[in-house]
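Undergrad: First the structure, which I've put down as structure tokens, then a few questions once you've had a look.
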Amino acid sequence: MKDNVSGLVVIETEGEIGLIRLAKPPVNAIGLALRTAIYEGFKTLQKDPAVRAIVLYGEGRFFSAGADIKDFGKADIQPTLPHILKALNDSEKPVIVALHGVAFGGALEVALATHLRVGVGDLRIGLPEVKLGLLPGAGGAQRLPRLSGLAGAIDIICSGRDVSAREALDLGILDRLAEGAPREAGIIAARDVLAGKLAARRTDTRDVAEDLAAVKAAKARLKAKRPALQAPLTALEAVCAATLPIDEGLAKERALFMELMAGEERAALVHAFFAERATVDIPEKAAHPRQIDRIAVIGGGTMGVGIATSLLIGGYHVDLIEAQSERVAQARAGVESNLAGALKRGKLTEQAHDAALAALDCADSLDAAGRADLVIEAIFEDMSAKTALFTKLDTICKPGAILATNTSYLDVNEIAAATKRPQDVIGLHFFSPAHIMRLIEVVVAKETAPDCVASAFALARKLGKVPVRAEVCDGFIGNRILTQYRRAADYLLLDGASFTEIDGALEDFGFAMGPFAVSDLAGLDIAKATRDRKAATRPAEERYSRVADLICDQGWFGRKTGQGYYVYEGGKQQGGNPGAFEIVAAERRALNLPKRSFTSEEIVSRCLTAMIAEAVRVLEEGIALRPVDIDAVELFGYGFPRHRGGPMHQADLIGPAELIRRIELYANDDPQFWQVPHLLRDMAREGRSFADLNGALTGHVTKGSTK
Ligand code: 3H9
């Protein structure tokens with residue numbers, strides 16, 4: 001018998017063994033249709049008197065990525081996953097699962113409800129629900145502890161980390177490891193069960209011992225490390241219910257799951273999940289990427305070294321070119337140290353680390369750029385230096401080679417015009433440290449060819465990065481929004497909030513660091529150089545805060561000089577810098593400004609509203625393709641808290657009418673800075689959301705919409 005009527009599962013028998021194969025590409029996500037098909041197949045095999053054991057396995061790269069995330073927020077329709085898993089658990093015929101690739105979330109919960117689990121090949125399992133603002137809602141929080149013990153389950157569920165097959169076996173989650181095809185591994189295990197050589201057992205019949213020490217330690221750890229997040233703590237509560245009788249535990253788990261499902265944290269994290277994947281939907285996606293094997297990186301500073309590291313980890317051959325010969329060795333040492341770090345963190349195997357090192361050549365001459373398929377310039381931010389370099393590269397590089405600039409502000413059209421091949425010139429704006437940060441702004445100039453854009457996206461994906469398409473303007477998407485966010489923070493400082501209050505409010509909102517702590521980390525001199533560069537073009541009527549300049553005048557450049565807004569000792573922050581407080585107070589006196597007080601809520605509202613207003617202008621001008629691209633930039637390049645979804649997601653929560661009200665209110669202080677973008681007024685009038693705009697442009701991200 002063989003049946004694939006549903007197009008989602010294949011049901012067949014092999015002697016006494018009934019087989020259910022999940023066959024819903026690309027990841028066998030368990031939505032209503034697939035779970036119904038599994039259930040129907042299971043009932044068919046249950047009824048078949050010739051079948052004595054049932055094996056579940058998956059087709060394709062994975063067993064399954066878990067419940068279908070696109071279904072979140074929709075009404076529950078029978079048969080629900082918990083209902084099906086109860087049927088698997090209660091089955092008189094032994095149910096065996098053979099897992100390969102990944103078994104995450106609801107997929108692992110399916111496995112936990114069976115009577116025997118086989119891990120095939122380099123399987124990874126996990127319950128990553130907390131990363132989506134949820135907890136395992138189909139018995140995972142009750143059944144995992146019954147196999148691994150309470151402490152092991154708390155670790156896996158509250159962190160959402162994935163676990164290797166070997167570790168899962170050691171923890172008692174898997175019963176056996178096997179090599180080869182999952183179908184065969186499942187059949188062999190089923191035969192062993194039927195022959196009495198392997199014991200199959202219902203997970204629900206096992207008991208869980210209390211472990212008060214593990215629970216207390218986990219609670220303290222989660223509160224200290226991730227105080228803003230609700231899901232990990234709620235997940236902990238659900239795991240603790242595993243010490244109750246199974247039905248009570250399952251009921252409690254489900255109630256907590258539904259609570260999280262309805263929450264803002266879940267909506268934001270699911271939005272972030274899809275944002276990460278949505279940005280590759282670009283107008284140039286049909287163009288054929290050029291072949292890139294060998295890449296030259298020009299500039300051996302922090303940025304060039306980070307980019308080279310990232311490319312080597314991605315498997316490319318890299319020529320790192322540093323014009324000052326005395327700095328070549330230092331650049332090489334930088335890459336070596338980054339690669340050693342990646343090896344230590346488990347991001348690279350020993351073999352991949354050695355291969356990456358062998359694929360690195362360092363030189364002080366531009367000649368090496370002649371053999372590159374792609375050149376990435378990462379020298380200092382100076383237009384004349386960049387145009388001179390690109391004119392030279394034009395004569396050195398082979399035809400068809402892509403010439404990329406890593407500029408974070410400058411006009412890529414002007415850089416392209418310095419060559420006779422503007423169609424091959426593009427911006428690849430990496431973020432520091434480039435081997436760790438996931439964002440790349442792909443800046444498309446007027447004449448950049450579609451296949452050049454497609455190549456940049458293909459490269460970024462190979463590096464495991466999140467590429468976002470941007471058009472040319474000063475600061476592109478991210479730095480343009482950052483400038484307005486920083487201005488809002490600077491004005492709050494002049495008007496009476498302290499930098500510690502501002503940082504504290506934004507850190508409570510979820511940023512790892514507030515804007516002033518970030519400035520100290522980045523170096524106050526770096527931001528000053530940018531301000532100086534723009535001074536000539538700054539509108540006369542623009543309000544300008546001199547505070548940062550006055551701090552720089554003291555020789556205080558932040559963390560690297562031991563003082564900035566804060567004082568540092570041995571690299572550790574020791575609190576606000578009394579000298580910086582005094583500079584702010586003196587500047588307020590000089591400007592005759594009253595000291596107003598601001599609540600944390602208003603601090604966050606002003607900074608966030610300034611970001612959103614600029615983001616809307618970025619959209620209006622077509623610099624970003626869609627609202628979701630802006631969220632991806634902020635989430636993956638600027639540390640916007642993931643559980644807040646990004647500024648556009650926040651804008652939808654606040655709503656256009658309320659945003660307009662806020663901007664008009666703040667405009668009483670500074671009408672030049674606070675202006676309502678036209679698009680926002682249109683959206684308020686038409687009752688449209690930013691999620692609607694995503695859908696209108698691509699149709700791609702609507703599946704992640706939670707509206
Ligand atoms: C859960 O199970 C809750 C339960 O407790 C329920 C209780 C009732 N659903 O990442 P990729 C899509 S929560 C829907 O590019 P990779 C993805 O959007 C779930 N779609 O591939 C993309 O679509 P597109 C817990 C999903 O090879 C395509 O598949 N599970 C899902 O780099 C390819 O994905 C998780 O959190 C899904 N579950 O990585 C696992 N998963 O091409 C989340 C993926 O249109 N998923 N898609 O953009 C992952 O970690 C990775 O996708 C995975 C593959 C490692 C599986």
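The values are calculated or read from the model by the stated rules, or taken from the named source; none is laboratory data. What you are looking at is a predicted structure, and each value in this text was computed from that prediction instead of being measured. Using ideal geometry, Cβ is built from the backbone for each residue, glycine included, and neighbour counts are taken over all protein chains shown.
Undergrad: Kindly evaluate VAL335 against the criterion of being outside any loop (DSSP other than H, G, I, E, B), at pLDDT 95 or above and within 26 Å of the chain's Cα centre (by Cα). Break it down into steps so the answer makes sense when it comes.
TA: Numbers: outside any loop (DSSP other than H, G, I, E, B): yes; at pLDDT 95 or above: yes; within 26 Å of the chain's Cα centre (by Cα): yes.
Answer is yes for this residue.
Undergrad: For region 389-475, which strands (runs of 3 or more DSSP E) that fit wholly inside it have 1 or more residues that are under 21 Å from the mean Cα position of the chain (by Cα) and in contact (Cβ under 8 Å) with a residue 12 or more places away in the chain?
TA: 425-430, 439-444, 466-471
Undergrad: Okay, next question. Within region 557-601, can you find the residues that are of a type in the set (Lys, Arg) and either without any contact (Cβ under 8 Å) to a residue 60 or more places away in the chain or touching a Cys at 6+ places or on another chain (Cβ under 9 Å) (or both)? Quick ask: steps written out before the conclusion?
TA: Filtering region 557-601 down to residues of a type in the set (Lys, Arg) leaves 559-560, 572, 588-589, 595-596.
Residues satisfying the conditions are ARG559, LYS560, LYS572, ARG589.
Undergrad: So in region 82-104, with the set limited to residues that are part of a strand (DSSP E or B) and of a type outside the set (Val, Ile, Thr), which one is nearest to the ligand (Cβ to nearest atom)? Full working, then the answer.
TA: At the first step, the residues of region 82-104 found to be part of a strand (DSSP E or B) are 95-104.
Then drop every residue that is not of a type outside the set (Val, Ile, Thr), which leaves 98-101, 103-104.
On the way: ALA98: 18, LEU99: 13, HIS100: 12, GLY101: 8, ALA103: 10, PHE104: 4 Å.
Restricting to residues being part of a strand (DSSP E or B) and of a type outside the set (Val, Ile, Thr), the top hit is PHE104.
Undergrad: A further question follows. Cβ-Cβ under 9 Å, sequence separation 6+ or interchain: first residue in region 266-286 and touching a residue at least 60 places away in the same chain (Cβ under 8 Å) and under 16 Å from VAL130 (Cα atoms), partner of a type in the set (Phe, Trp, Tyr) and within 9 Å of the ligand (Cβ to nearest atom). Which pairs?
TA: ARG266/PHE72; ALA267/PHE72; VAL270/PHE72
Undergrad: Test ALA113 against the criterion of being near the ligand (Cβ under 8 Å from one of its atoms) and under 20 Å from PRO182 (Cβ atoms), and give yes or no.
TA: Values: near the ligand (Cβ under 8 Å from one of its atoms): no; under 20 Å from PRO182 (Cβ atoms): yes.
In short, no.
Undergrad: Then there is this: Please specify each residue of region 57-73 satisfying the condition of being within 16 Å of LEU269 (Cα to Cα) and away from the ligand (no atom under 12 Å from the Cβ).
TA: GLY73 - this is the single residue of region 57-73 that is within 16 Å of LEU269 (Cα to Cα) and away from the ligand (no atom under 12 Å from the Cβ).
Undergrad: Pairs needed: first member in region 131-144, free of Cβ contacts under 8 Å to residues at least 60 places away in the same chain and in a loop (DSSP other than H, G, I, E, B); second member anywhere, charged (D, E, K, R) and near the ligand (Cβ under 7 Å from one of its atoms); C-beta distance under 6 Å; at least 6 residues apart or different chains.
TA: none
Undergrad: So which residues in region 3-26 are among the β-branched types (Val, Ile, Thr) and touching a residue at least 40 places away in the same chain (Cβ under 8 Å), if there are any at all? I'd like the intermediate steps shown before the answer.
TA: Taking region 3-26 and keeping what is among the β-branched types (Val, Ile, Thr), we get 5, 9-11, 13, 17, 20.
VAL10, ILE17 - these are the residues of region 3-26 that are among the β-branched types (Val, Ile, Thr) and touching a residue at least 40 places away in the same chain (Cβ under 8 Å).
Undergrad: Could you please give the count of residues in region 60-81 that are more than 15 Å from PRO128 (Cβ to Cβ) and assigned to a helix (DSSP H, G or I)?
TA: So in region 60-81, the residues more than 15 Å from PRO128 (Cβ to Cβ) come out as 60-61, 70-71, 73-81.
Retained after the next criterion (residues that are assigned to a helix (DSSP H, G or I)): 70-71, 81.
Qualifying residue count, region 60-81: 3.
Undergrad: Do any helices (runs of 4 or more DSSP H) entirely within region 497-541 hold 3 or more residues that are under 29 Å from GLU264 (Cβ atoms), and if so, which?
TA: Hits in region 497-541: 499-509, 515-522.
Undergrad: Check whether at least one residue in region 22-38 is under 26 Å from GLY121 (Cα atoms), assigned to a strand (DSSP E or B) and of a type in the set (A, V, I, L, M, F, W, C), and report yes or no.
TA: Checked region 22-38: at least one residue is under 26 Å from GLY121 (Cα atoms), assigned to a strand (DSSP E or B) and of a type in the set (A, V, I, L, M, F, W, C).
Undergrad: Take the residues in region 28-46 that are of a type in the set (A, V, I, L, M) and crowded, with 20+ Cβ neighbours inside 10 Å; name whichever of them is farthest from the ligand (Cβ to nearest atom).
TA: LEU45
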